1. Quick check on region 1-42: of everything there that is out of contact with any Leu (no Cβ under 7 Å at 6 or more places or on another chain), β-branched (V, I, T) and in a helix (DSSP H, G or I), which residue is farthest from A54 (Cα to Cα)?
2. A35 - would you say it is at pLDDT 85 or above and hydrophobic (A, V, I, L, M, F, W, C)?
3. Output the number of residues of region 34-62 satisfying the condition of being more than 9 Å from the chain's Cα centre (by Cα), under 21 Å from V4 (Cα atoms) and among the small types (G, A, S).
4. Restricting to region 38-84, name every residue that is at pLDDT 85 or above and of a type in the set (D, E).
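The values are calculated or read from the model by the stated rules, or taken from the named source; none is laboratory data. Owing to the predicted nature of the structure, the values given are computational and were not obtained by experimental measurement. Note that we place each Cβ from the backbone using ideal geometry, even for glycine, and neighbour counts take in every protein chain shown.
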Amino acid sequence: MEKVAQAVGTRKGYVSGIESGKLRPPSPKYVRRFARFYMVDEKDLLRHAYAEKAPKLIRDEVIRALCMVNPSEQEMSDPGPEAS
């Protein structure tokens, strides 16, 4: 986590908070940095971040809609059977 924080230009606690869900998803500036570090598509990561920022009332609906448009999003938002 320290390596990620240094590469992204932030604190380890911030990265930890995002990963654990204790903090809201990062701004587009940090999403771009995380995408570069993890070598993933910036647009996909940004879509997922904004879906997570959606009001709870519609969040699941927004995530499902993203999954229909981009099936790779389902892997990011679906914890799978292990999480049950």
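1. V4
2. yes
3. Residues meeting the conditions: 1.
4. D41, E42, D44, D60, E61
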